[in-house]
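Here the structure comes first, spelled out in C-alpha cells, and everything after it is commentary.
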Amino acid sequence: MLPILKINLADNTSEEFIIPKEWERDFLGGASLAARILYPHLTEKLDPLSPESPLLFLNGPLAGTNGPTTGRFVICGKGPATNLWAESNIGGFWGPELRKAGYDGLWITGKASSPVYVWIEDGRFEVRSAAHVWGKDVYEAQEIVKAEVGVKSARVVVIGQAGEHGVLYSAICCDHGRMAGRTGMGAVMGSKNLKAVAVHGVQKIEVTEEYAKLRSEANRTLKQDNEAKVMHELGSAGVANYAEYLGAMPAKYYHQGGFAGVDNISGAKMAESILVGKSACQGCVIACGRVVDIGDGKKRKGPEYETVVGFGANLLIDNLVEVVRLGELCDKYGLDSISTSNTIGLAFHLFEMGEITLQDTGGLNLEWGSFTAARQLIHMIARREGIGDIMARGSRQFGAAFGAEDEAVQVNGLEVAYHDPRGVSGMALSYATSPRGACHNQSDYFFVDFGHTYDEIGIDYYERQAHAEKAANVAKHQDWRTHFNSVLICIFANVSPQTQVDLLNAHLGLKWTIADLMKSGERAWNLKRAINNRMGLNAYNDKLPKALLEPLKEGGAEGYSPDIEGMLFAYYQARDWDLETGKPTREKLLELGLGEMAKDLWGENNLKPVKG
Amino acid sequence: MSAIFPSEEWLKGLEEKLNSDEHYAEIAKNWEGDLFFNIEPEGNLKEPLTFYLDLWHGKCRKVDYNPAASAYPNTAFKLSATYNNITAVLTGKLNPMTAMMTMKLKVNGSMAYMMRNVPTVLDFVRVAQEVTKEIV
C-alpha cells in the first residue's frame with residue numbers, strides 16, 4: 001500500500017503515514033486496516049465531532065487495478081450517533097484516483113477555522129477556502145470545485161448541507177450519487193469545516209501479467225453470474241418482489257407484513273418504465289447504478305433497494321417517481337437515505353400512536369403514504385428546522401425525546417436497514433452484533449437465507465427462519481464479508497473465495513490460502529469488537545429493537561420472531577466471546593495475533609506469547 | 001404420473017401434472033414464457049440433453065423432448081446445468097434458489113420477469129420434483 005497523507009486542518013501541517021508491513025499482512029487494507037491504524041485513537045472519551053476525532057479515507061490493496069469491483073474505498077472514524085467504530089464504504093472513482101496521485105489514504109485531523117476544501121494532485125496538496133461552496137448541494141459543490149482546480153477529470157468527495165449542519169447520519173458523496181451513507185461520516189467531515197476533497201493523479205497503477213490474466217477471467221465470469229445479471233438489469237431493487245414475498249421487506253415502519261404496492265416500486269418496474277441508462281463504479285462490470293427519466297427529460301440517479309423500501313414500503317408510498325425524488329433530495333443534502341427514511345418512518349409511527357402531534361410537527365400531517373410530508377421532513381432534517389432538529393440526531397435520540405426510545409428500530413444508534421429478520425432470521429444476528437450498529441453490509445446474510453451458499457468456505461443453507469443452529473454460519477459469513485470490506489470488493493460481486501485468493505496472491509506476492517483469507521476476516525471482526533469494547537460496548541448492546549421481536553400478523557413472515565437470546569448464546573460460543581462482558585476471550589484474541597488488544601481488554605496477567 | 005428422469009415419459013408426466021395441479025395453476029396464472037433446458041453431460045448422462053416447455057397462464061401448452069439446440073430460438077428463458085446439479089434440484093438435495101445464486105443453474109432471459117415471478121419458478125420446481133420417481 002502507498003502512504004497515507006495525514007493533514008491537520010487546524011494548522012494545515014501534514015505528514016506521510018507509512019503503513020507498517022505487518023499490519024498490511026494481517027489486515028490487507030480497507031476497513032480492517034483502518035481499524036488497526038485508528039485503534040489507539042478511538043477512545044471512549046473521544047467526541048466524534050471534536051477536532052481530535054480522526055477521519056480516515058482508505059483504499060483496498062486492489063484499488064485501481066480493474067479487478068472485479070475493486071475500485072471502492074472506505075471512510076472510517078468514530079460514529080457520532082453510535083459512539084462506536086464507524087466505517088462506510090463507497091464506490092465511484094475517487095479511491096483509485098487517490099492512488100494515482102500517490103496515496104492510498106487520507107487522514108484528516110483538526111478543524112479548519114472556516115470552511116475549506118483540500119486539493120490533492122500528484123503528491124502535493126493545498127487547503128483552499130470553501131466559503132463560496134458551503135451551503136451548496138453535493139452536485140453543485142463538485143462542479144464548482146472541479147472548475148476551480150481546473151482539471152476536468154479530477155474526482156471529488158463532498159458533503160452537503162446535512163454534513164455542514166451536523167446531522168448525525170450525514171453521508172459523504174462522490175461522483176453522481178455514490179454515497180458513503182452509513183454511520184455519519186459526513187457529520188465528522190462537516191465538524192472539521194471540510195466541504196470537499198478533490199483529487200487528481202497521473203501515476204500508472206501497475207499489475208503483473210498473471211494478475212491481468214486472472215482479472216480478465218474473473219470479470220468475464222462475473223459478467224455471466226445470475227446475481228450480477230439481476231443487478232445489471234434491475235439494480236439492487238431487483239430483489240424487492242422476492243423479499244416482499246418472503247416477508248423480508250419491511251413495511252409501515254416494520255409493523256406490517258407485506259406491501260401490496262411492491263410491483264409499483266420494484267427494480268423490475270423501474271427497468272420497464274423510467275430506466276434510461278446504467279452507471280458503474282471504477283472497473284465494475286456489473287453497473288448496478290440506475291439512470292432514470294421521470295418525465296422531465298432530465299437524467300438522474302435512480303434509487304437502489306434500500307431507498308426504494310425506505311421511502312416506499314416503509315412509508316406506504318407506492319409511487320416510484322416520488323421515491324426517486326425523495327432519494328434524490330437525500331443525496332443532494334448528503335443524507336443517508338436508510339437512516340433518514342427510518343427516522344421519518346418513526347415520526348409517522350409516533351404520529352399515528354399520538355406520541356407526537358401537529359403541534360410538534362409544526363402543523364405537518366404525518367399520514368402514511370404522504371410523500372409531501374416525507375419531503376418536508378427531509379428539508380427540516382437537513383436544515384435542522386423544527387422537529388427536524390431532533391430527528392437529525394437519529395431515531396434513538398428522536399424516540400427518546402418523546403419518551404419512546406423503544407419504538408425506534410435501531411441498534412446501538414444506527415437505524416436498521418430494510419431486511420427484516422422475521423423473514424430472514426440470520427439478519428437478527430447480523431444487526432445485533434455488527435460493529436457499527438444495525439448494519440446489513442457487515443453481513444448481508446439475507447442472501448444466504450435466500451439460498452446463496454458458499455461451498456468452499458462452508459457457508460451452508462439453513463431454513464430462512466431457523467434459530468440458533470445458524471449462529472456459527474452467520475459468524476462465518478461475517479468473516480467472509482469482513483474480508484470484502486478489507487479488499488473493498490463490492491458485496492454485489494459474486495467472486496469466489498479461490499478467485500479472490502488468486503488475485504491477492506498475484507498482485508501482492510502472497511501465498512495465501514482460503515483459510516488465511518477467512519482468518520484475516522475473523523481477526524478484523526474481533527479487532528473492531530475490541531475497539532467497541534474499549535469504547536464501552538458490552539453484551540447488553542447485542543440486541544434487537546422491540547418491533548423486530550413482535551410477530552407480524554400477515555405476509556411471508558407471519559407469526560415468526562427470532563429467538564435472539566438463543567441465537568446470541570450460540571453465536572458467542574461460535575465466536576469464543578465472553579458471555580458476561582461480550583468481549584472476545586483473551587485466548588481468542590491471542591490466537592488471532594491481537595496481543596495488544598488482549599492486554600487492553602483483559603490486563604497483563606497470564607499473557608501468552610503473541611503469534612508472529 | 002411419476003416417472004424416471006430423464007425420459008420422454010418424465011417430461012410428459014410433468015406436462016400432465018402442470019396441467020392438473022391447482023396450486024401451480026393459481027400461482028402461475030400470469031406466467032407467460034417458454035423454457036429451454038440444456039443439461040450438460042455428467043455422471044450417468046453421457047450426451048447433452050435438452051427439453052422444452054411452453055408455459056402459459058398456469059398451464060403447459062407443449063413439451064418437446066431432446067429438441068435440437070436451435071429448434072426454439074426465441075425461447076423466453078434458457079436454462080443450463082450439469083446433470084448432477086439438475087438431478088440434485090429434482091431430488092430436493094439442492095435448493096433451486098441456491099442453484100441459481102451459485103451458478104449451478106445458469107439463467108438467460110429477462111431478469112425483471114424472473115425476479116417478479118420467483119414464487120412461480122419455485123412452484124414449477126415443486127411440481128417437477130413430485131413427478132420424479134427415480135433418477136437414472
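Details
- For residues of A:235-243, the mean tally of beta carbons on other chains within 10 Å: 3
- If you take the Cα centroid of region A:112-141 and the Cα centroid of region A:16-71, the two points sit 22 Å apart.
- Carbon and sulfur %, accessible surface of region B:3-135 computed with the full protein complex present, 1.4 Å: 50
- Karplus-derived HN-Hα couplings along region A:448-460 (A = 6.51, B = -1.76, C = 1.60, θ = phi - 60°), whole Hz, x at Gly and Pro: 5, 5, 6, x, 7, 9, 9, 4, 5, 10, x, 8, 9
- Long-range amide H partners of B:D34 with built H, under 5 Å: B:L55, B:A76, B:F77
- Shape category assigned to region A:53-157 from the gyration tensor of Cα positions, a/c cut at 1.5: oblate
- Size of electric dipole in the protein assembly as shown: Cβ of Lys, Arg +1 and of Asp, Glu -1, about Cα centre, debye, nearest 20: 1640
- Of the trypsin sites (Lys or Arg not before Pro) found in region A:81-188, those in coil by DSSP whose Cβ has at most 13 other Cβ atoms within 10 Å are A:K152.
- Inter-chain Cβ neighbour count for A:262-275, averaged per residue, equals 2 (cutoff 10 Å, partner chain atoms only).
- Loop-exposed GluC sites (Glu not before Pro) per DSSP, neighbour cap 13 Cβ within 10 angstrom, longest uninterrupted part of chain A: A:45-205
- Cα shape, chain A, gyration tensor, a/c 1.5 rule: rounded
- Beta bridges by DSSP in region B:3-135, antiparallel share as percent, to the nearest 5: 70
- The loop-placed trypsin sites (Lys or Arg not before Pro) in region B:9-43, going by DSSP, that have at most 16 neighbouring Cβ atoms within 10 Å of their Cβ come out as B:K29.
- The B and A chains share an interface that buries close to 1900 Å² of accessible area, total over both sides, probe 1.4 Å.
- Rolling a 1.4 Å probe across the protein heavy atoms gives the protein assembly as shown an accessible surface of 35 Å² per residue.
- Neighbouring partner chain Cβ atoms per residue of B:88-97, average, 10 Å criterion: 2
- Among beta bridges identified by DSSP and lying wholly in chain A, the antiparallel ones come to about 80 percent.
The values are calculated or read from the model by the stated rules, or taken from the named source; none is laboratory data. The shown structure was predicted, so the numbers you read here are calculated from the model rather than taken from an experiment. Every residue, glycine as well, gets a Cβ built from its backbone with ideal geometry; the counts of neighbours run over all protein chains shown. Remember, those area values only see protein heavy atoms, side chains included, never the ligands or the DNA or RNA. Shrake-Rupley method; radii C 1.70, N 1.55, O 1.52, S 1.80 Å.
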